[in-house]
Amino acid sequence: MPDYDVVIVGGGIAGAMVAKAIVEKSGTPSPKILVLEAGTNQGWTYDGYLDYLDHFKTATVKGPNSPYPANPAAPSTTVFDIAVPTKPTDYYVQKGPLPFGSGYERALGGTTLHWLGTCLRMLPTDFKLNSTYGQGIDWPIDYYADDLKTKYERAERAIGVSGDKDEQYYPGLEPKSAAFKKYWGDYDYPMKKIPSSYLDQRLSKWVDGMTVESATGEPVSLKVSSTPQGRNSTPRPGSDFTPQGAVGAFETGQRCEGNSACVPICPVQAKYNAMKTWAEIDRKAPGSVTIQPQSVAYLVNTHSDTGEVTGVTYKRYENPEDPSKYTIETATGRLYVIAAHAIETAKLLLASNVANSSGQVGRNLMDHASAITWGLLPENIGAYRGPGSTSGIPAFRDGTFRRVHAAFRVEIGNWGWTWPAFSPNSDVNRMVDTYNMFGPELRNGLAEMLPRQFRIAWEPEQLPEPTNRVTIDEDYKDDLGNFKPVIHYDLSDYTKEALYVALQVSDKLFQRAAVQSYTTYSPAIDPGYFVYKGRPIAVNGAGHLVGTHRMGTTRHNSVVDKWQRTWDHKNLFLAGCGNFSTLGTSNPTLTLAALSLWLGDTIADELANGGGP
Amino acid sequence: MRKPHPAERLAGLPRKIETKEQLHEALRVAMELELSTIPTYLSALYSIMPGTNQPAYDVIQSVVIEEMLHLTLAGNVLNAVGGAAALNSKEFVPVYPTRLPHSSEKFYVRLLKLSEASIDIFLKIEHPGKPKERPEVEGYHDIGQFYAGIEQGLEYLNKKLGSDKLYSGKPEWQVQPTEYYGGAGDVIVVVEKGDDPKDRHKKALQALVEIVDQGEGLPHSVFDGDEIPGKGPVPAHYFRFDELKQRKYYKPGDKPGKPKGEPLPLDLKAVYPKRAWPARVTPQSPTEWYRDNGYPDIARKLLEFNSLYMDLLGTLQDTFTGKPDRLTYAVTQMYDLKYEAQALMKIPDPSDERYTVGPSFEYVAPNESAPVAAKAAATASEGASAWYAEGSSVYHDNADCTTGNNIEPENWRAGTGGKRRCAQCQRLAG
């Protein structure tokens, strides 16, 4: 008899949503679920979370991982290590030609510990890229036929999304249109939108109605659109929704306080993180889920005859500082879910040589290859206040131009030049070191410039390409003796052309809003630098890693079917962004959550029907 | 000069409520009562040095948040019976040290740093009543007795007038439950569109019961009947302060006075030594005292703080006179107030090196800050133009004012609109 009904690898949002749906659909008695988390569970207590906060405050360089102590037993990449070739100490082994620019977090809560919280739905055409525009592949699911609308609504409630449906201006789905009505129905988000920043409001004055011609000759009309976000605001009137506060301090963080530190850490947990869902399950069905931290899965065992998974073997370490001390244990269940992140899941499958009869495991790695442009506005627009981004420009999320180049989303940033130039610290350094400024002159200089800083990101999708891939290599292991990810990565002209178009739109937008550009790209500073059609461009990772164990219509073109079950092993399911067939232009977490809740339903049904060995 | 003693300010309430006007007045006093406790709690809360005494900080903050709920509940009942709040009028803003309005005046509510003395005052404020006490809105000994007096009045008037005549308030004036968060309990909406007037009476009584339960606890219990997810039952305010006093948390099953839970560490040295103003009536307000004794900079800083405090009271006044959505903005102002209060806690008292200045929570007349503002504007900025937001009580004239810069474009108006100058603009102008 297996020890558990379900073994889940990974304590992030994918595993949490699967577990939530299993527990909610199964009722009592609740199935027994084991969660193997590679990292620590420090944030599970409120004191531990406050220690994260202290760690962030004292970090000299504040990147996305800086609140979370480095863990040699379950390492991850920091954005400061992105380069080709890699140093031996780096976690990613980058084979290029371009560096892959996105990382993730290995700790209970996963990358939702440092995500921004953007919760955009995918558009119906995003699931049908091949049949609509002759590019990439289609998903085996359809927004309408598979009722993704209801699934998204459930995910938006599970995460706790603040937004205003009537401010979503997606191409082809404009408010008041019949298509809009079909896409949204009468639904609106559980909480009112997070107020748009002052910059958003000013920008919308300058930009709304500006029209550019697309590559296929259609007019594209720009409009600033407020962004739905996984952070707490006021519940909609009449709603029975209760915003989820901090884990271990539920009264804290029931509203966003505008602390302007969402990435890398919300000080009050007004921003969603997956620990909230684990805590919610614990409240509603105590004892149903056992979370076992510091347990790094490295081998999925299968039965030689049936091919069914018989156990997951993991290394359990006592002290993250000392990876040499660990025990080897095996967890058994009736059903298994690997929800370890797009790169870690691919690595685990490759290391175990399972689920890969299609040869697609680790391939089709995609991200939003983001170019940033920045400059100074002529007036104070109150930079550095509120959440990192509260609006975007969705005009290029869809259109016939997708036959020619990638769709892209435009993200308006509220935190000045933090992303491209490490402002405001770098500005202080420059004024002091280069210009010898001090005293009132320095203060006035900063006060004059910082509130006028403007930056905007242009984030095109990538197509699934088999050569963009994660592999493993015996020559590259981490301190616990597990494989490091070896990454081959490049951008195709489909994406580069989109960046080229985007930068032309950026030029027009800067002109219209009278932004004095400070944008510079250089091969010396930017690892993602290249020249396309004579124009220098530098790309950054957006942290949206998808595609490494994609779903598809046949066992030959994909790793999982539309139910997210591996074609090769009937009791093995995969969860997470690795299941994406294509990327689209939305930040992938909301779609991941919707798919994972759906998967939890499937598993609950299977358990009820006596599924598994 | 100092204002007269609270008891002398108003004609005393009758011992029993027999008219709607008397009920309105008693509910206004209820709001004043809830509001008057907040500065004393905030004085202790913000005297805690950042990064220390987290358990005490959490205890006091949780009580403050629930006092805001009580203010809101009393406001909803007042509005439900057709009354209007008077939170920022001179008569209703307490002068510290103060007595609880219309109480039996056994003790002074003072603005102290976190100390044994301030914890003792908190215990007195929240002290549970004796069983079978006579309801009393004038000269009450404890808050439960006061609210029992209002309940009696509601019952009397409900019978006399009928619930449709008594609860004649506008539904759109009610603050909604979605506006409250961060603490236990819920906002109760007394009057709703299309409701049965008979339910209004039930809900009004429920609202008053929630106030008393959260303060004093259920009869014979440490706990108040609310639960916080993941944490369990919540001790009433009196017992939360008793946890501070005894350095120990209550756990379910504990008897009043005998907490047996985890220890609650308290370091009274990690507290800013905020100056304690005398317990007897002082001849002058702290602001006047600093101004007249050669410390105009300190006086100016206190005036800035108090202007913010008045802005907040103005927003709350709007909230309870027909603009319930303004409560969201009041929260923003409470953050501003917190930062300014914490700054004042750190400023050494130039007249006595043992102390720091600390916030004084004083009434400022709308025209009182105007001369300061005009002077500052004249010296600080060259011909700064002014603007204001439709519906706001202040105008802005500093280009760096975040409040002024965040006015929704459709609400933006040029000029001063005959309003008070925004405290932040005043501060930015130096």
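The values are calculated or read from the model by the stated rules, or taken from the named source; none is laboratory data. The shown structure was predicted, so the numbers you read here are calculated from the model rather than taken from an experiment. Cβ: placed from backbone, ideal geometry, glycine included. Neighbour counts: every protein chain shown. Remember, those area values only see protein heavy atoms, side chains included, never the ligands or the DNA or RNA. Shrake-Rupley method; radii C 1.70, N 1.55, O 1.52, S 1.80 Å.
Give me the residue from segment B:183-192 that is more than 16 Å from the chain's Cα centre (by Cα) and farther than 18 Å from B:Leu166 by Cβ and, out of that set, modelled with the lowest pLDDT. Step by step, filter segment B:183-192, then rank; the result is B:Ala184.
For segment B:293-318, residues that are modelled with pLDDT of 95 or more and either within 14 Å of chain A (Cβ to nearest Cβ) or at positive phi (or both) total 0.
Only a single criterion out of (1) open to solvent by 10 Å² or more (accessible area, probe 1.4 Å); (2) within 14 Å of chain A (Cβ to nearest Cβ); (3) modelled with pLDDT of 90 or more is not satisfied by B:Val175, namely (1). Would you check which residues across segment A:263-291 are surrounded by 17 or more Cβ atoms within 10 Å (Cβ to Cβ) and of a type in the set (S, T, N, Q) and list them? A:Gln269, A:Asn273, A:Thr277, A:Ser288 - these are the residues of segment A:263-291 that are surrounded by 17 or more Cβ atoms within 10 Å (Cβ to Cβ) and of a type in the set (S, T, N, Q).
Out of the residues in segment B:35-60 meeting the condition of being within 14 Å of chain A (Cβ to nearest Cβ) and surrounded by fewer than 20 Cβ atoms within 10 Å (Cβ to Cβ), tell me which one is modelled with the lowest pLDDT. First the steps, then the outcome.
Within segment B:35-60, the subset within 14 Å of chain A (Cβ to nearest Cβ) is B:50-55, B:57-60.
After this cut, where a residue has to be surrounded by fewer than 20 Cβ atoms within 10 Å (Cβ to Cβ) as well, the list is B:50-52, B:54-55, B:57-58.
Details: B:Pro50: 90, B:Gly51: 86, B:Thr52: 93, B:Gln54: 92, B:Pro55: 93, B:Tyr57: 95, B:Asp58: 92.
Applying the filter and picking the extreme gives B:Gly51.
Residues of segment A:570-584 include at least one that is in contact with a Gly (Cβ under 9 Å, 6 or more places away or on another chain), among the aromatic types (Phe, Trp, Tyr), closer than 25 Å to A:Tyr104 by Cβ and outside any helix (DSSP H, G or I). Of all residues in segment A:214-238, those being open to solvent by 40 Å² or more (accessible area, probe 1.4 Å) and either under 24 Å from A:Ser204 (Cβ atoms) or at the interface with chain B (Cβ under 10 Å from one of its Cβ atoms) (or both) number 7. If the requirement is being open to solvent by less than 30 Å² (accessible area, probe 1.4 Å) and in a helix (DSSP H, G or I), which of these qualifies: A:Ala74, A:Ala107, A:Ala38, A:Ala21? Checking each option against the conditions leaves just A:Ala21.
Go through segment A:43-63 and report how many residues are in contact with a Leu (Cβ under 9 Å, 6 or more places away or on another chain) and modelled with pLDDT under 85. Steps first, please.
Pass one, segment A:43-63, residues in contact with a Leu (Cβ under 9 Å, 6 or more places away or on another chain): A:43-44, A:52.
From what's left, modelled with pLDDT under 85: none.
Total satisfying the criteria: 0.
Here A:Thr89 passes the criteria (1) open to solvent by 20 Å² or more (accessible area, probe 1.4 Å); (2) under 13 Å from the mean Cα position of the chain (by Cα); (3) hydroxyl-bearing (Ser, Thr, Tyr) except the one numbered (2).
A:Glu465 meets each of the listed conditions (1) modelled with pLDDT of 95 or more; (2) within 14 Å of chain B (Cβ to nearest Cβ) apart from (2). Residues that are buried (at least 22 other Cβ atoms within 10 Å of the Cβ), in a loop (DSSP other than H, G, I, E, B), modelled with pLDDT of 90 or more and not basic (Lys, Arg) within segment B:70-125 comprise B:Val81, B:Gly83, B:Ala85, B:Leu87, B:Leu111, B:Leu112, B:Leu114, listed in sequence order. Just one of (1) modelled with pLDDT of 70 or more; (2) within 14 Å of chain A (Cβ to nearest Cβ) fails for B:Ser381. It is (1).
Please specify each residue of segment A:555-593 satisfying the condition of being aliphatic (A, V, I, L, M) and open to solvent by 10 Å² or more (accessible area, probe 1.4 Å).
Taking segment A:555-593 first, the residues aliphatic (A, V, I, L, M) are A:559-560, A:572, A:574-575, A:583, A:590, A:592-593.
Matches in segment A:555-593: A:Leu592 only.
Restricting attention to segment A:173-205, the residues that are surrounded by fewer than 16 Cβ atoms within 10 Å (Cβ to Cβ) and in a helix (DSSP H, G or I) add up to 5. Out of segment A:349-360, which residues are closer than 24 Å to A:Thr591 by Cα and touching a strand residue (DSSP E or B) at 6+ places or on another chain (Cβ under 6 Å)? Across segment A:349-360, the qualifying residue is only A:Ala355.
Please state which of the following conditions B:Ile17 fails to meet, knowing it meets all the rest: (1) open to solvent by less than 40 Å² (accessible area, probe 1.4 Å); (2) at pLDDT below 95; (3) in a helix (DSSP H, G or I). Just one mismatch for B:Ile17, condition (3). Which of the residues that make up segment A:218-257 are under 22 Å from the mean Cα position of the chain (by Cα), part of a strand (DSSP E or B) and within 29 Å of A:Asp398 (Cα to Cα)? Selection gives A:Ser225, A:Ser226, A:Gln229, A:Arg231. For A:Thr310, the stated conditions hold: it is in contact with a strand residue (DSSP E or B) (Cβ under 7 Å, 6 or more places away or on another chain), more than 10 Å from chain B (Cβ to nearest Cβ) and open to solvent by 20 Å² or more (accessible area, probe 1.4 Å).
Among A:Lys176, A:Lys149, A:Lys205, which is the only one that is modelled with pLDDT under 95 and either within 14 Å of chain B (Cβ to nearest Cβ) or under 26 Å from the mean Cα position of the chain (by Cα) (or both)? Selected residue: A:Lys205, the only one of A:Lys176, A:Lys149, A:Lys205 that is modelled with pLDDT under 95 and either within 14 Å of chain B (Cβ to nearest Cβ) or under 26 Å from the mean Cα position of the chain (by Cα) (or both). The residues of segment A:350-387 that are open to solvent by 10 Å² or more (accessible area, probe 1.4 Å) and within 14 Å of chain B (Cβ to nearest Cβ), listed by number, are A:Pro378, A:Glu379, A:Asn380, A:Gly382, A:Ala383, A:Tyr384, A:Arg385, A:Gly386.
Taking the criterion of being open to solvent by less than 20 Å² (accessible area, probe 1.4 Å) and more than 9 Å from chain B (Cβ to nearest Cβ), the only residue of segment A:242-257 that qualifies is A:Ala246. For A:Ser260, indicate whether it is open to solvent by 10 Å² or more (accessible area, probe 1.4 Å), within 25 Å of A:Thr418 (Cβ to Cβ), more than 8 Å from chain B (Cβ to nearest Cβ) and in a loop (DSSP other than H, G, I, E, B). It is true that A:Ser260 is open to solvent by 10 Å² or more (accessible area, probe 1.4 Å), within 25 Å of A:Thr418 (Cβ to Cβ), more than 8 Å from chain B (Cβ to nearest Cβ) and in a loop (DSSP other than H, G, I, E, B).
Conditions tested, residue by residue: (1) touching a Gly at 6+ places or on another chain (Cβ under 9 Å); (2) buried (at least 21 other Cβ atoms within 10 Å of the Cβ); (3) of a type in the set (Phe, Trp, Tyr); (4) in contact (Cβ under 8 Å) with a residue 24 or more places away in the chain.
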| site | (1), (2), (3), (4) |
| --- | --- |
| B:Lys274 | yes, yes, no, yes |
| B:Gln284 | no, no, no, yes |
| B:Arg291 | no, no, no, no |
| B:Tyr295 | no, no, yes, yes |
| B:Ile298 | no, yes, no, yes |
| B:Phe305 | no, yes, yes, yes |
| B:Leu316 | yes, yes, no, yes |
| B:Phe320 | yes, yes, yes, yes |
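Out of curiosity, is A:Ile328 touching a residue at least 12 places away in the same chain (Cβ under 8 Å), open to solvent by 60 Å² or more (accessible area, probe 1.4 Å) and of a type in the set (A, V, I, L, M)? Walk me through how you get there before you give the answer.
Working: touching a residue at least 12 places away in the same chain (Cβ under 8 Å): yes; open to solvent by 60 Å² or more (accessible area, probe 1.4 Å): yes; of a type in the set (A, V, I, L, M): yes.
Spelling it out, A:Ile328 is indeed touching a residue at least 12 places away in the same chain (Cβ under 8 Å), open to solvent by 60 Å² or more (accessible area, probe 1.4 Å) and of a type in the set (A, V, I, L, M).
I'd like to verify a number: residues in segment A:328-373 that are assigned to a loop (DSSP other than H, G, I, E, B) and either under 30 Å from A:Leu446 (Cα atoms) or among the aliphatic types (A, V, I, L, M) (or both), how many?
First, pick out the residues of segment A:328-373 that are assigned to a loop (DSSP other than H, G, I, E, B): A:332, A:339-341, A:353-365, A:367-369.
Within this subset, residues satisfying the condition of being either under 30 Å from A:Leu446 (Cα atoms) or among the aliphatic types (A, V, I, L, M) (or both) are A:339-340, A:354-355, A:361, A:365, A:369.
Number of matching residues: 7.
Against the numbered list (1) open to solvent by less than 20 Å² (accessible area, probe 1.4 Å); (2) within 14 Å of chain A (Cβ to nearest Cβ), B:Val222 comes up short only at (2).
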